[in-house]
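Report on one structure; see the data block that follows.
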Number of protein chains: 2
Amino acid sequence: MTMPWYEVPPSPPDRGSEEAARDRQARLTKPPGSLGKLEDLAVRFAGFQGRTLPDLERIYVTVFAADHGIAERGVSAFPQSVTAAMLRNFSQGGAAINALARRMGAVLEVVDVGVRADPGALPGVVSARVGPGTAPFDDGWAMTDDQLETALVAGWESVERAREARAGLFIGGEMGIANSNSATALACALSGADPDRLIGPGSGLDGNGLARKSAVVRGALERHGLQKGEPLEALRLVGGFEIAALAGAYVRAAQGGVPSLVDGFIATAAALAAVQLSPGAADWLIFGHRSDEPGHGPLLEALDAEPLLDLGLRLGEGSGAAVAAELIRSALALHREMATFQEAGLDTE
Amino acid sequence: MTMPWYEVPPSPPDRGSEEAARDRQARLTKPPGSLGKLEDLAVRFAGFQGRTLPDLERIYVTVFAADHGIAERGVSAFPQSVTAAMLRNFSQGGAAINALARRMGAVLEVVDVGVRADPGALPGVVSARVGPGTAPFDDGWAMTDDQLETALVAGWESVERAREARAGLFIGGEMGIANSNSATALACALSGADPDRLIGPGSGLDGNGLARKSAVVRGALERHGLQKGEPLEALRLVGGFEIAALAGAYVRAAQGGVPSLVDGFIATAAALAAVQLSPGAADWLIFGHRSDEPGHGPLLEALDAEPLLDLGLRLGEGSGAAVAAELIRSALALHREMATFQEAGLDTE
């Protein structure tokens with residue numbers, strides 16, 4: 001058997017449990033359908049967990065951090081050194097995702113998949129370095145075949161730790177200065193969308209920066225001649241280590257029966273790669289929020305995905321997904337704890 | 001001094017603390033503005049609490065329940081007896097708002113402001129009965145002047161209990177079969193909107209029911225000849241006891257320096273009445289979710305309000321606001337706990 005691990009198809013969620021949960025929703029003391037998307041979440045989690053009354057105690061958040069050679073082209077509002085500085089900030093507990101993970105009692109893991117300079121041992125940071133950042137993708141491949149494989153496996157390994165911790169939900173986040181360039185090129189390659197529909201300011205590019213970003217992305221797409229439906233090629237040529245790790249994580253989580261709550265633009269580009277690698281993974285994805293980054297809309301369309309939140313966030317780190325995770329817990333509390341019409345003595349009216 | 005209590009203008013939120021919080025947001029380790037509406041929430045709570053680092057421990061939820069004479073016209077998908085049955089369900093802890101209040105550690109109070117038949121003493125239910133439901137508003141006044149005053153005071157009293165409990169947020173909910181008829185007529189009267197823009201299925205009316213609802217609302221508006229800017233008259237002629245109580249609660253909460261998180265269509269109609277009674281109350285309102293009820297959009301426009309969530313909910317009870325309250329806590333955790341660029345050693349880069 002020589003099938004690569006990511007080609008092993010995930011099992012679908014348990015349709016019988018979904019059906020039973022949908023039936024329960026119809027019997028709870030409320031007008032049918034009046035809890036909207038919260039009803040759908042409860043039904044999906046029933047399918048994920050194979051039981052009518054799912055819960056969500058343990059949430060596992062992994063932030064993958066890596067640098068991007070393309071940053072040298074002046075296509076980010078922040079200097080490349082910020083990636084490593086943010087890695088230290090994660091380690092010290094001061095970033096947005098730290099505050100959100102504490103609030104929801106989640107495990108937070110940070111994985112260095114290739115910040116430019118090896119930061120050495122940092123508390124709470126797993127070293128799974130693929131290399132000292134990718135190569136500039138407008139001038140060659142972002143990474144080698146081996147590097148891609150290693151990055152995908154870094155995602156696999158993180159999910160295995162999440163499964164070991166018996167997580168009921170996986171949230172993948174990312175940090176990498178200039179990675180919206182990589183995500184944009186990747187998204188264009190995977191979806192066939194024109195770069196003009198996808199390019200946006202990322203962490204805050206001005207007009208000149210946007211023009212450089214557009215030229216870089218457009219040039220790389222022309223140079224590499226990528227076709228739709230080639231997720232591995234696209235990841236290798238224009239991807240990032242943290243984006244490939246996210247894609248690997250989404251595939252592995254689906255294989256392991258763990259749903260993933262997808263964050264914003266970068267994470268959704270990784271999710272599209274994951275679904276092209278492993279179509280069955282789509283059943284295990286939930287979309288947390290609609291990013292303020294303009295390219296997120298077309299990407300979500302390509303995935304036929306409707307996020308839970310739309311709050312103007314555009315930070316990454318898994319932050320939007322982490323905020324949305326509370327909605328899932330509310331949905332499951334409602335589903336488990338509400339009385340049925342019969343229990344409330346309302347069924348004879 | 002003979003000014004009625006609801007005409008005492010609320011103090012505005014503390015603009016200096018808002019400014020200080022906005023300044024802090026700009027110094028936290030993230031691209032400026034990248035937390036979107038969560039940044040705005042933190043700034044507003046700084047203003048509410050008069051300090052740069054607000055928190056939100058105690059949340060107080062009050063569900064006001066009452067019956068509506070208009071239910072006799074066949075304008076609700078459920079029989080009138082369901083209001084009393086749901087009052088018992090709240091008392092027994094089986095309704096949606098019970099599950100959500102437990103989840104967020106909120107105090108939940110249920111106030112009977114006029115269910116048709118007096119249910120007697122029920123655990124967790126405050127009796128503040130204005131009468132055995134309103135009169136049908138297509139055939140006369142919904143309530144008398146005295147009843148209106150009593151209903152407004154029921155809201156006042158609930159907020160006083162919330163203040164006694166040192167609540168940092170007030171959520172008002174409602175339960176009352178047929179109350180979307182009353183809320184629609186009220187909203188049309190207060191905003192000048194045409195009923196066709198506002199009438200919707202409520203808890204699930206079919207086509208014939210919708211036609212009756214439209215005729216009832218239209219007929220009442222013509223009969224009573226209400227003008228914009230007459231909130232007391234509108235509440236008295238077409239309102240409900242629970243809707244008037246909500247309006248009184250929103251005004252009193254603003255006077256007491258407690259922000260209110262407004263729920264869906266019915267609660268927003270009450271909020272519009274509150275703001276017309278006491279324009280300064282608008283500064284103390286946050287809008288939790290966009291209801292699936294079609295009339296909610298125009299009502300929100302009239303209030304220049306943008307809700308936090310849009311999840312297809314249309315249940316009432318304060319449920320949408322309760323789900324949204326978690327977002328406020330996330331926003332405040334981020335605001336309090338994130339490191340500044342200086343603290344993270346990122347300010348020299």
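Residues that are within 28 Å of A:PRO132 (Cα to Cα), modelled with pLDDT of 95 or more and open to solvent by less than 10 Å² (accessible area, probe 1.4 Å): does region A:251-258 have at least one?
Yes - at least one qualifying residue is present in region A:251-258.
Could you tell me which residue of region A:283-306 is farthest from the other protein chains (Cβ to nearest Cβ), considering only residues that are part of a loop (DSSP other than H, G, I, E, B) and farther than 18 Å from A:ALA96 by Cβ? Walk me through how you get there before you give the answer.
Taking region A:283-306 as the starting set, the residues that turn out to be part of a loop (DSSP other than H, G, I, E, B) are A:288, A:290-295, A:303-306.
Going one step further and asking which of them are farther than 18 Å from A:ALA96 by Cβ, we end up with A:294-295, A:303-306.
Numbers: A:PRO294: 14, A:GLY295: 15, A:LEU303: 19, A:ASP304: 17, A:ALA305: 15, A:GLU306: 10 Å.
Here the residue is A:LEU303.
Can you tell me which condition A:LEU327 does not meet? The list is (1) open to solvent by 10 Å² or more (accessible area, probe 1.4 Å); (2) in a helix (DSSP H, G or I), and all the others hold.
Result: A:LEU327 fails condition (1) only.
For region A:12-40: of the residues being within 20 Å of A:GLN255 (Cα to Cα) and touching a helix residue (DSSP H, G or I) at 6+ places or on another chain (Cβ under 8 Å), which is nearest to the other protein chains (Cβ to nearest Cβ)?
Ranking the candidates gives A:GLU18 first.
Would you please name the residue that is nearest to B:ARG27 (Cα to Cα), looking only at residues in region B:50-66 that are over 18 Å from the mean Cα position of the chain (by Cα) and within 14 Å of another protein chain (Cβ to nearest Cβ)?
My answer is B:LEU53.
For region A:259-277, enumerate the residues that are polar (S, T, N, Q) and surrounded by fewer than 24 Cβ atoms within 10 Å (Cβ to Cβ).
A:GLN276
Scan region A:119-178 residue by residue and report those that are charged (D, E, K, R), surrounded by 19 or more Cβ atoms within 10 Å (Cβ to Cβ) and more than 20 Å from the chain's Cα centre (by Cα).
A:ASP138 - this is the single residue of region A:119-178 that is charged (D, E, K, R), surrounded by 19 or more Cβ atoms within 10 Å (Cβ to Cβ) and more than 20 Å from the chain's Cα centre (by Cα).
Does B:VAL238 count as touching a Ser or Thr at 6+ places or on another chain (Cβ under 8 Å), closer than 26 Å to B:PHE137 by Cβ and away from chain A (no Cβ under 13 Å)?
yes
For the subset of region A:223-250 comprising residues that are of a type in the set (Gly, Ala, Ser) and at pLDDT below 95, which member is farthest from A:PRO132 (Cα to Cα)?
It comes out as A:GLY229.
Just need a number here: residues in region B:333-347 that are more than 8 Å from every other protein chain (Cβ to nearest Cβ), closer than 28 Å to B:VAL262 by Cα and of a type in the set (Asp, Glu).
0
Restricting the search to region A:184-231, which residues are at positive phi and either of a type in the set (Phe, Trp, Tyr) or open to solvent by 20 Å² or more (accessible area, probe 1.4 Å) (or both)?
First, the residues of region A:184-231 that are at positive phi: A:192, A:202, A:204, A:225, A:229.
Across region A:184-231, the qualifying residues are A:GLY192, A:GLY204, A:GLY225, A:GLY229.
Can you find, within region A:92-110, the residue that is nearest to the other protein chains (Cβ to nearest Cβ) among those that are open to solvent by 30 Å² or more (accessible area, probe 1.4 Å) and touching a helix residue (DSSP H, G or I) at 6+ places or on another chain (Cβ under 9 Å)? Break it down stepwise before answering.
Here is the first cut: in region A:92-110, the residues open to solvent by 30 Å² or more (accessible area, probe 1.4 Å) are A:92, A:102-103, A:105, A:107-108.
In the following step, the residues that additionally are touching a helix residue (DSSP H, G or I) at 6+ places or on another chain (Cβ under 9 Å) were identified as A:92, A:102-103, A:107-108.
On the way: A:GLN92: 7, A:ARG102: 7, A:ARG103: 5, A:VAL107: 17, A:LEU108: 13 Å.
Step by step, filter region A:92-110, then rank; the result is A:ARG103.
Do we find that B:GLY69 is on the phi < 0 side of the Ramachandran plot, surrounded by fewer than 24 Cβ atoms within 10 Å (Cβ to Cβ) and at the interface with another protein chain (Cβ under 9 Å from one of its Cβ atoms) in this structure?
So B:GLY69 fails the test.
Scanning for something aliphatic (A, V, I, L, M) and within 7 Å of chain B (Cβ to nearest Cβ), does region A:318-332 turn up at least one residue? Spell out how you get there, then give the answer.
So in region A:318-332, the residues aliphatic (A, V, I, L, M) come out as A:321-325, A:327-328, A:331-332.
If we keep only those that are within 7 Å of chain B (Cβ to nearest Cβ) as well, we get A:323, A:327.
Scanning region A:318-332 turns up at least one residue that is aliphatic (A, V, I, L, M) and within 7 Å of chain B (Cβ to nearest Cβ).
Hey, does region B:220-232 have a residue that's under 16 Å from B:ALA271 (Cβ atoms), in a helix (DSSP H, G or I) and not aromatic (Phe, Trp, Tyr)?
yes
What pairs can you find where one residue is in region B:252-264 and charged (D, E, K, R), the other is crowded, with 24+ Cβ neighbours inside 10 Å, and their Cβ atoms are less than 6 Å apart, with a gap of 6+ or different chains?
B:ARG252/B:VAL159; B:ASP263/B:GLY173; B:ASP263/B:GLY288; B:ASP263/B:GLY318; B:ASP263/B:GLY320; B:ASP263/B:ALA321
The values are calculated or read from the model by the stated rules, or taken from the named source; none is laboratory data. Since this is a predicted model, take the numbers as computed values, not measurements. No Cβ is skipped: glycine too gets one built from the backbone with ideal geometry, and neighbour counts run over all protein chains shown. Areas reflect the complete protein model, heavy atoms only, side chains present, ligands, DNA and RNA absent. Shrake-Rupley method; radii C 1.70, N 1.55, O 1.52, S 1.80 Å.
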